[in-house]
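The values are calculated or read from the model by the stated rules, or taken from the named source; none is laboratory data. In this text, all values refer to a predicted model and were calculated from it rather than measured experimentally. In this analysis, Cβ positions are derived from the backbone assuming ideal geometry, glycine residues included, and neighbour counts consider all displayed protein chains. For accessibility, only protein heavy atoms count, side chains too; no ligands or nucleic acids. Shrake-Rupley method; radii C 1.70, N 1.55, O 1.52, S 1.80 Å.
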Amino acid sequence: MPTASTRFRLISGNRLDRLAALLGERLATPLDVDSLAPDVILIPQPTLRHWLLQTLAERHGVAANLDLCTPSEFVWRLLRADRPDLPDQSPWDRDHLRWRLYGLLGAEAGGLPPPVRRHLQRAGGSGDPRETALARLGLAEALAGAFDKYQAYRPDWLREWEAGHPESRDDWQAQLWRQLRRRQPGAHRAALLADWLARHDRDSATATGTPPPGLPPRLVAFGTIHVSPDVLHLLAVVGQWIDLDFHLPTPSAEYWGDVESLRERLRRDGPQSLPAALADAQRDNPLLMAWGAGGREIVAQLFAYDVLLPHSELECFVAPGRDTLLHRLQQDVLDRAAPVPSAFDPGDISLQLHACHSKLREVEVLHDQLRGLLEDPRFDPPLQPSEIAVLAPDIAEYLPLARAVFGGVAPDDPRWIPFSLADRPQLQSHPLVPLLPVLIGLADAPLTAGLFRDLLATPAIAHALGLDAARRAKIDDWFEAAGIRWGEDAQARERAGAGRWREYSFDFGIERLLGGYASGDAAEVEIDAVLIAPYPELEGADAELLDGALALYRRLRAFAAWARDPRDAGAWRETLATLLQELLAPVPQDDAEAQARRLLLETLDDFADEAAEAGPLPAALVQRALRDTLERASPHRPWLSGG
């Protein structure tokens, strides 16, 4: 039975800026002029925050006292307000679950379901502890994703598994879930949310009749199209107690929750349905059929009226018309109409296709075409850079090329186009950030002269050692002449499977450098019963420079030796944070480096918190986990930031 939300207003439209304008009009009228409580706005992702605040500020002059958070963050706030004993973050979210499952897969290896044991044996068949650990983590991540979705979409399964339902006794997922619950007996998110709904939904037979604690004066959900049924139910209940505006961006003014792609139709009805499926596809809009499940599912949930009954509905669709090819496509989507052939207009530039032989050429053509559009007199008023957004399936592949092409033009050049980069991986945000996974990699791979040279060239490390390009070049020349190529010593070569020999290792070359500096000539000297040919080109003034390079080498070698043994997440965090502090100058060079340092330390803190129950972790697994985290786009980077 749907929840009747007497204060839930559903607002749908096909233009995000139009929805933002309606939001601004609503916020401009305070609910209580004497209250300093912020207006809470739910947004689908943190990167939308910048665009929304900028849009509201441009229209109203200022956008302040607004609390923007994601639906999952808001749900956990309400649960914590209802249960103050809950932690700041849910221990049952995906990031925490994967590490607890990793610990479970190792701690109870003998008691795991047979399919799980067989999978781990096959995945780590070589017997290498690193491969075994990575296989465990891969399975733990897949299970964490599944269990996280079950909490939102199939809580009935979890209840049956926990109750020991006869049909779930031989289900390996149910067995793992029960083992996980024994190790973590506290209530999970699905159980907490079900209890909250049972007590605060006025339509529930077990309702207490008291408003939920922690509710804001009013609530707005803006653009949240990926909402699970349980969260939508919670919002419906919230709409019983406070005013709630749900701004739904949807490309079509018609109901399209029942649209199916050809593949989905054939998968459901079988190949024999192909003729009928093709005939139906000809009568529907192909873009809506390929739009994606996220938008279709929220439309189906809201307009099926089986989860909630809004108090009122407002439509603010803007018809694009049919004056250009792009507008005709948009109008067909808005009307959920099949496309109709039309005459080709050579002067229509609304939709363009360009075939390029490489990604670099794509970016070059993009720059030239955008420059032409910005100067095109047909735009009245002229097109502005802030009105342009460039999207790509994997934007990370294009970011270095965009910096080279768009950033390679001087601001005073007529061809210059102002731009900003969003959704870039955090690894690309600053040269210091990739240092963390590189350092951890020293545990399993011998140090090479090339890697050491790259570390010296890292701006933050070079600044700490006082190295400019000329001083780095001198160190490179010394190492090259002394014969330093790869491997710390003979043992490092042996660990790498290359035999036990020390020639052209770091120890070999450093002994030549120090011997030459001490003796001042090239006569052979005996060190530990080994004849060494000193490198005599160092002078007295070079001692400080060489000492800085050797101090860096000693720190790296000591850390690599420590990191070869598995350690718990807390130890990894403390040691890596200390190493960064030793390698870098006490004061950052600029704000960008300071921000990069904070990012690395916050990443280590989050890792130590999430993996606290995982047990000892090998270096390869820690490197993989931290690299995966840093390869994500920063949630604090602007999206659609205006040029």
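As I understand it, the dipole of the range 163-204 uses +1 on the Cβ of Lys and Arg and -1 on the Cβ of Asp and Glu, about the Cα centre. Which of 179, 191, 166 lies farthest toward its positive end?
Ranked along the dipole, the leading option is 179.
Using only alpha carbon positions, build the gyration tensor of the range 424-513, then give the equivalent ellipsoid semi-axes as the square roots of 5 times its eigenvalues, largest first, whole angstrom.
25, 19, 8
Between 0 and 90 degrees, rounded to the nearest ten: what's the tilt of helix 543-563 against the longest Cα principal axis of the chain?
60
Can you list, bin by bin at 10 Å, the percent of alpha carbon pairs in the range 1-76, starting at 0?
Bin by bin from 0 Å, the calculated values are 15, 46, 33, 5, 0.
Quick check for me: using +1 on Lys/Arg Cβ and -1 on Asp/Glu Cβ, what's the dipole size of the range 528-638 about its Cα centre, in debye to the nearest 20?
So the dipole magnitude of the range 528-638 works out to roughly 360 debye.
Whole-Hz ³J(HN,Hα) for each residue in the range 613-627, computed from phi via Karplus 6.51 cos²θ - 1.76 cosθ + 1.60 with θ = phi - 60°, x for glycine and proline: what do you get?
9, 7, x, x, 10, x, 4, 4, 6, 4, 4, 4, 5, 5, 5
Residue-wise, which Karplus ³J(HN,Hα) couplings in Hz belong to the range 37-49, taking 6.51 cos²θ - 1.76 cosθ + 1.60, θ = phi - 60°, and x for glycine or proline?
Once θ is set to phi - 60°, the couplings for the range 37-49 become 5, x, 6, 8, 10, 8, 10, x, 8, x, 5, 6, 4 Hz.
Using only the alpha carbons of the chain, determine the length spanned along each of the three principal axes and report them from longest to shortest in whole angstroms.
93, 72, 66
Quick check: the distance between the Cα centres of the range 194-216 and the range 461-514, to the nearest angstrom?
The range 194-216 and the range 461-514 have Cα centres separated by 67 Å.
Under a 5 Å amide H to amide H cut-off, with H placed in plane at 1.01 Å, what residues pair with residue 314 once short-range neighbours are removed?
HN-HN under 5 Å from residue 314: 10, 11, 12.
Output ³J(HN,Hα) for the range 269-280: one whole-Hz value per residue in order, computed from phi by the Karplus curve 6.51 cos²θ - 1.76 cosθ + 1.60 with θ = phi - 60°, and x for Gly and Pro.
9, x, x, 5, 8, 4, x, 5, 5, 5, 5, 5
Using only the Cα atoms of the range 330-445, what semi-axes does the equivalent ellipsoid have when each is the square root of 5 times a gyration tensor eigenvalue? Give whole Å, largest first.
The equivalent ellipsoid of the range 330-445 has semi-axes of 36, 21, 13 Å.
Between residue 365 and residue 554, 0.36 nm times their residue separation minus their Cα-Cα distance comes to what?
63.1 nm is the gain from fully extending residue 365 to residue 554.
To the nearest 20 debye, what is the magnitude of the charge dipole of the chain about its Cα centre, counting +1 on the Cβ of each Lys and Arg and -1 on the Cβ of each Asp and Glu?
Approximately 1640 debye in magnitude.
Amide H of residue 221: which non-local residues (sequence gap of 5 or more, or other chain) have their own amide H closer than 5 Å, using H built in the peptide plane?
Amide H neighbours of residue 221, under 5 Å, 5+ apart: 42, 245, 246, 247.
So if I take the centroid of the Cα atoms in the range 311-366 and the same for the range 66-140, what is the distance between those two points in Å?
Distance between centres, Cα-based: 43 Å.
Measuring with a 1.4 Å probe in the full set of protein chains, what accessible area per residue, in whole Å², belongs to the range 397-479?
In whole numbers, the range 397-479 has 43 Å² accessible per residue.
Can you compute the charge dipole magnitude of the range 1-63 about its Cα centre, using +1 on each Lys and Arg Cβ and -1 on each Asp and Glu Cβ, nothing else charged? Give it in debye, rounded to the nearest 20.
Value, rounded to 20: 280 debye.
At 1.4 Å probe radius, can you tell me the per residue accessible area of the range 253-384 in Å²?
The answer is 64 Å² per residue.
First compute the accessible area of the chain with a 1.4 Å probe, then give the percent of it belonging to carbon and sulfur atoms.
53
Residues with beta-carbon under 15 Å from that of residue 417, excluding residue 417: net charge, scoring Lys, Arg +1 and Asp, Glu -1?
Result for the neighbourhood of residue 417: -4.
With point charges of +1 on the Cβ of Lys and Arg and -1 on the Cβ of Asp and Glu, referenced to the Cα centre of the chain, which listed residue (490, 234, 516) lies farthest in the positive direction of the dipole?
Checked the options; the winner is 234.
Cα axis of helix 71-82 to longest principal axis of the chain: angle in degrees, 0 to 90, nearest 10?
80
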